[in-house]
Amino acid sequence: MSEHRTTVAGVAVDTRHWIGGQRVASPRTFTDASPIDGAPIGEISRGTAVEARAAVAAAKAAFPGWAATPRAERARLLHAVADGVEKRTEELANVETVDNGALLRSHRRGVMPRVAHNFRFFADWLLTLEHEDFATRGHTNHVTWDPAGPCVLITPWNAPLMLATWKVAPALAAGNTVVLKPAEWSPLTASLLADIAAEAGLPAGVLNVVQGYGSEVGDALTSHPDVRRISFTGSVPTAQHIAASAAANLTPLSLELGGKSPLLVFADADLDLAVDLAVEQYDNAGQVCLAATRLLVEEAVAEEFTRRFVAKASRLRQGDPREESTDIGPTIHPRQVAKIDGFVRRALAAGARAVIGGHPGEGQYYAPTLLTDVRQDSEIVQEEVFGPVLTLQTFTSEDDAVHLANDTRFGLAATLATGDPERAERVTARLVAGTVWVNCFFVRDLKAPFGGSRHSGIGREGGTWSFDFYCDLKNTVTAPKGWKDHG
Ligand code: NAP
Ligand code: MG
């Protein structure tokens, strides 16, 4: 570790910002630690309004050139970024695991390939983006997607590079320039992305990365008058703060926020599949916005479901996320462990029963937990824990199930386990959720709209919806040749 770089898992990472094609240091740093053992792994440049403004200025200066770059050339450069990601998959996977504690095997096989795919998908989608012209009294309507301008993208720590590139790729494809602010608990792969983009030939200032505490660097970015879009993934209170800050310039926002999603298990379900879906909710130590953390099980099968759930969950191996055999790694930060435990303590004090877990483990590990005897209006049912903590409630009718499922302030996702396709259709139609999975979980296509309702967010991204957000849509109406306006 030196002033400007660190070596993590054998990979050299520059710890300075990336602004206008240059590495820029701040006078102060903050310490990045690994959740695996709490050890410091980097002294990261700690941005302030100064670096935020410099990054927006760089993005603004680079915008006209990038916006005017032909679509095919922008697409070619994004594919070159994808090539760079693929070349460095092993390095990115290792650095991400040490930085945020999620499983190495899933970074290697699922996440980093998906990061490359983010760039390829939006590059290709850009080339197909068109709306059929249509006529109005002989005049032609022609719809175009004009680049909006500099975009501020703010992302969380639970899937750092995956969530960042899910915004960076469509924003750049659309012809915008970008200032990315990664989360302070996991900033390293964003810095590697800057290297990869530079190597791929992305012009200076098109992608900028500013590090720092959200509370110190955030407002300067989100209230900046030259910023044309803000896309944020994170928590509800931060989103509310950002929305207020963006209001000064009426900057359009896309907000991907938290959830308290249900898994509805009907008595007619394949119970082993339902149990698999339920246990899967411990993935990434429960630090997944989409996690179906409320198990709603039809009373007739609740006992059998619980028995099989406990049998399967107790076989999960918790430990070092670099080990191939590990199923659950650590949580991101000691503060997060304390927060999770606070939720569980209060639930137990209010009468909940821990079927499994209910306590922290060593270091930053939290035992996979299932709580029953919880009330619908209690904190543990209503608030997002963002840890390996599930609740189980029972229902007796479809109406009852739908009521419980919808009775929180969130609306991100819902999962159904049922053997009856008609029931699936009936229930789905009544659920408030941006995504509904029937007899599956976490299957996501970049073509599909993604986002949440109510406090789970504003807007949808994915496929054309991403371009709708990152562009200013323009309709051009052209008169037929020789047409005269006679009033
Ligand atoms: P968070 O505290 O809201 O932080 C998210 C990002 O916002 C971080 O980069 C943070 O920076 C930054 N930030 C903090 N204060 C800011 C401010 N005043 N202005 C601008 N930016 C600011 O959320 P988190 O705890 O890291 O992430 C977990 C949350 O994200 C959960 O609620 C989860 O459900 C949600 N999430 C949603 C999705 C989705 O797609 N819907 C996906 C993943 C996660 P620093 O942390 O560096 O200070
Ligand atoms: Mg870290």
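Once the convex hull of all Cα atoms in the chain is built, its volume per residue stands at 158 Å³.
Heavy-atom accessible area per residue, segment 133-269, 1.4 Å probe: how many Å²? Write out the running numbers ahead of the final one.
Values: 3690 Å² over 137 residues.
I get 27 Å² per residue for segment 133-269.
Note that segment 16-25 has calculated 3J(HN,Hα) couplings of 8, 5, 10, 10, x, x, 10, 7, 10, 9 Hz, one per residue in order, obtained from phi through the Karplus relation 6.51 cos²θ - 1.76 cosθ + 1.60 (θ = phi - 60°); glycine and proline are x.
Taking the DSSP beta bridges with both ends in segment 336-487, the antiparallel portion is around 40 percent. Name the lysines eligible as straight-distance cross-link partners of residue 87: C-alpha to C-alpha under 26 Å, and not fewer than 8 places from it in the same chain. Within the straight-line limit of under 26 Å, residue 87 reaches these lysines: 167, 181, 447.
Remark: segment 292-332 carries 47 Å² of accessible area per residue (probe radius 1.4 Å; ligands, DNA and RNA excluded). For residue 371, the amide hydrogen comes within under 5 Å of the amide hydrogens of 355, 390, 391, 392, counting only partners 5 or more places away or on other chains and with H modelled in the peptide plane. Under Stokes-Einstein, with the Kirkwood radius over Cα pairs as Rh, the value for segment 262-438 at 20 °C and 1.002 mPa s is 132 µm²/s.
At q = 0.10, 0.16, 0.23 Å⁻¹ the log10 of I(q)/I(0) for segment 1-101 amounts to -0.39, -0.90, -1.16, computed by Debye summation with a single uniform scatterer per C-alpha, solvent ignored. Per-residue 3J(HN,Hα) values for segment 354-363, derived from phi via the Karplus relation 6.51 cos²θ - 1.76 cosθ + 1.60 with θ = phi - 60°, read 8, 6, 9, x, x, 7, x, x, 6, x Hz in sequence order (x marks Gly and Pro).
Need one number for segment 195-327: average projected area of the convex hull over its C-alpha atoms, nm².
Approximately 12.7 nm², given one-decimal rounding.
Principal axis analysis of the Cα atoms in segment 8-67 yields extents of 46, 23, 16 Å, listed in decreasing size. The helix-only estimate of mean residue ellipticity at 222 nm for the chain, built from DSSP H runs of length n ≥ 4 each weighted as -39500 (n - 2.57), is -12000 deg cm²/dmol after division by the residue total.
Take every pair of alpha-carbon atoms less than 8 Å apart whose residues are at least six positions apart; their mean separation over the length of the chain yields a relative contact order of 17 percent. Keeping the other protein chains in place, figure out the carbon and sulfur percent of the accessible area of segment 97-249, with a 1.4 Å probe. Accessible surface attributable to carbon and sulfur in segment 97-249 totals 56 percent.
Dividing the alpha-carbon radius of gyration of segment 446-485 by the rule-of-thumb value 2.2 N^0.38 Å gives 1.93.
Report the percentage of all Cα-Cα pairs in segment 94-186 whose separation exceeds 17 Å, rounded to a whole percent. Provide the component values of the computation, followed by the final result.
Numbers: 2582 of 4278 pairs.
The calculated P(r) of segment 94-186 puts 60 percent of pairs beyond 17 Å.
Output the antiparallel fraction of DSSP beta bridges having both residues in segment 247-379, as a percent to the nearest 5. Each step should come with its number before you reach the end.
Working: 4 of 9 bridges.
So the antiparallel bridges in segment 247-379 amount to around 45 percent.
In whole angstrom, how long is each semi-axis of the equivalent ellipsoid of segment 42-91, when you take the square root of 5 times every eigenvalue of its Cα gyration tensor and sort them from largest down? In descending order the semi-axes read 26, 22, 4 Å. The string of couplings for segment 400-410 from the Karplus curve (6.51, -1.76, 1.60, θ = phi - 60°) is 4, 4, 5, 4, 4, 4, 8, 8, 9, 7, 9 Hz, one whole number per residue in order, with x for Gly and Pro. Remark: segment 46-139 projects, on average over all directions, an area of 10.0 nm² (convex hull of Cα atoms). The GluC sites (Glu not before Pro) found in segment 289-369 that occupy coil by DSSP, while having at most 14 further C-beta atoms within 10 Å, are 323, 324, 362.
How large is the translational diffusion coefficient of segment 380-464 in µm² per second when you combine the Kirkwood radius over alpha carbon pairs with Stokes-Einstein at 25 °C and 0.890 mPa s?
Values: Rh = 14.1 Å.
Using the Kirkwood radius from Cα pairs, D works out to 174 µm²/s.
May I ask you to give the percent of accessible area on segment 262-438 that is carbon plus sulfur, with a probe radius of 1.4 Å? That share works out to 48 percent.
The values are calculated or read from the model by the stated rules, or taken from the named source; none is laboratory data. Not measured: the values here are computed from a predicted model. Cβ atoms come from the backbone with ideal geometry, glycine included; neighbour counts cover every protein chain shown. In case anyone asks, the SASA skips ligands and DNA or RNA and just uses the protein heavy atoms, side chains included. Shrake-Rupley method; radii C 1.70, N 1.55, O 1.52, S 1.80 Å.
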